[in-house]
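Enquirer: Sending over a structure as structure tokens; questions will come in a sec.
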Amino acid sequence: MPATDKLASSGEIHTYLVARLNDTLRRPGMWGGELAIRLTLDHLLLVESRRGAWDDEKRALERREVWPPTGVTGAFEHFLPTGHDTSVASVYAEFAHRQGWLKLDRALSTSEYATMLAEIDTWAAQDRLWADVTSAFGAPSVLFGSTNPYYGKTLGYATADRSTPMLFFHLWNGTDPDTEPSWPPSHEQPLLLAARRGDAPFTTSFTFTPEGRRRRPAQDE
């Protein structure tokens with residue numbers, strides 16, 4: 001029988017796409033960024049015969065001001081400096097989590113989540129490093145980006161309850177403005193710029209560290 005006569009089952013295709021989505025969310029720069037995430041989501045919803053679910057999600061993103069003409073990437077340009085791939089992936093991960101597709105490395109207990117939610121704004125209002133986040137709140141549910149400390153990344157925290165909004169920490173590493181690019185960068189591990197509450201209106205969802213306020217892109221008058 002020719003190979004083309006034997007096609008994968010819908011279940012096999014679905015399993016493959018869920019795995020590929022998780023790969024793409026965790027390493028968006030390697031897999032093709034926001035476009036690759038959106039294409040994989042579209043294929044998954046086609047397999048599940050639920051393509052209208054993405055239209056509903058887009059309307060929700062528009063209400064949250066996370067869906068400008070330039071996509072989720074464009075929304076982050078007003079809040080964080082360059083290198084938005086992992087931050088963008090975290091927004092799509094919110095949708096993936098609600099759909100039951102996101103594979104968590106660790107699910108927070110209800111009490112862990114409640115404590116974190118109560119403390120996150122006050123805790124993140126001071127300058128912090130990557131190690132400070134994991135020391136305070138444990139290993140993330142999802143690491144968006146490389147384990148290499150010389151690169152920026154986003155840490156996501158979630159419970160097994162898919163209706164509970166995720167919480168995120170956006171970390172940056174790289175070259176300071178107006179300085180010559182260098183490798184390795186001057187920071188031995190990434191700096192926390194902001195914590196973000198998932199599912200909240202975008203303009204009010206961030207708690208910036210002092211470093212995050214310093215590095216936030218200038219806003220148009």
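The values are calculated or read from the model by the stated rules, or taken from the named source; none is laboratory data. Owing to the predicted nature of the structure, the values given are computational and were not obtained by experimental measurement. Because the Cβ atoms are built from the backbone with ideal geometry, glycine has one as well, and the counts that use them run over all protein chains shown.
Enquirer: Of everything in the range 73-91, what is buried (at least 23 other Cβ atoms within 10 Å of the Cβ) and of a type in the set (Gly, Ala, Ser)? Give them in sequence order.
Expert: Across the range 73-91, the qualifying residues are SER87, ALA89, SER90.
Enquirer: Let me ask something else. Name the single residue, out of those in the range 169-178 being in a loop (DSSP other than H, G, I, E, B) and either surrounded by fewer than 10 Cβ atoms within 10 Å (Cβ to Cβ) or aliphatic (A, V, I, L, M) (or both), that is farthest from the chain's Cα centre (by Cα).
Expert: ASP178
Enquirer: Let me ask you something else. Does the range 105-114 contain any residue that is under 25 Å from LEU17 (Cα atoms) and crowded, with 17+ Cβ neighbours inside 10 Å?
Expert: no
Enquirer: SER163 fails exactly one of the following numbered conditions: (1) closer than 18 Å to ALA93 by Cβ; (2) surrounded by 14 or more Cβ atoms within 10 Å (Cβ to Cβ). What is the number of that condition?
Expert: Condition not satisfied by SER163: (2).
Enquirer: So, in the range 81-93, exactly how many residues are within 20 Å of LEU192 (Cα to Cα) and either acidic (Asp, Glu) or modelled with pLDDT of 95 or more (or both)?
Expert: Going through the range 81-93 one residue at a time, the tally reaches 8.
Enquirer: Residues in the range 85-131 that are within 18 Å of the chain's Cα centre (by Cα), under 26 Å from GLY174 (Cα atoms) and not charged (D, E, K, R): how many?
Expert: Going through the range 85-131 one residue at a time, the tally reaches 12.
Enquirer: Hey, THR207 hits all of (1) polar (S, T, N, Q); (2) farther than 30 Å from SER163 by Cα; (3) touching an Asp or Glu at 6+ places or on another chain (Cβ under 9 Å) but one; which does it fall short on?
Expert: For THR207, the failing item is (2).
Enquirer: Does VAL66 satisfy being in a helix (DSSP H, G or I) and β-branched (Val, Ile, Thr)?
Expert: no
Enquirer: Another question about this same structure. So, in the range 1-41, how many residues would count as being of a type in the set (D, E, K, R), assigned to a helix (DSSP H, G or I) and surrounded by 13 or more Cβ atoms within 10 Å (Cβ to Cβ)?
Expert: Adding up the residues that qualify gives 5.
Enquirer: In addition: Can you name the number of the only condition in (1) over 17 Å from THR82 (Cβ atoms); (2) surrounded by fewer than 21 Cβ atoms within 10 Å (Cβ to Cβ); (3) touching a residue at least 24 places away in the same chain (Cβ under 8 Å) that ARG128 fails?
Expert: (2)
Enquirer: What are the residue pairs meeting all of these: first residue in the range 186-214, first residue under 15 Å from THR175 (Cα atoms) and surrounded by fewer than 16 Cβ atoms within 10 Å (Cβ to Cβ), second residue β-branched (Val, Ile, Thr) and modelled with pLDDT under 95, Cβ atoms under 9 Å, and 6 or more apart or on different chains?
Expert: Filtered contacts from the range 186-214: SER186/THR175; SER186/THR179.
Let's see how each residue does on (1) in contact with a helix residue (DSSP H, G or I) (Cβ under 8 Å, 6 or more places away or on another chain); (2) assigned to a helix (DSSP H, G or I); (3) modelled with pLDDT of 95 or more; (4) not hydroxyl-bearing (Ser, Thr, Tyr):
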site	(1), (2), (3), (4)
THR115	no, yes, yes, no
ALA131	no, yes, yes, yes
PRO140	yes, no, yes, yes
THR154	yes, no, yes, no
SER163	yes, no, yes, no
SER182	no, no, no, no
LEU193	yes, no, yes, yes
GLU221	no, no, no, yes
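Enquirer: Residues in the range 132-142: is at least one without any contact (Cβ under 8 Å) to a residue 40 or more places away in the chain and under 14 Å from the mean Cα position of the chain (by Cα)?
Expert: yes
Enquirer: In addition: Sort out which residues of the range 138-160 are crowded, with 22+ Cβ neighbours inside 10 Å and aromatic (Phe, Trp, Tyr), and write them in order of number.
Expert: PHE144, TYR157
Enquirer: Here's something else I'd like to know. Just to verify a result, which residue in the range 92-104, among those that are of a type in the set (D, E, K, R) and buried (at least 17 other Cβ atoms within 10 Å of the Cβ), is farthest from GLY29 (Cα to Cα)?
Expert: ARG98
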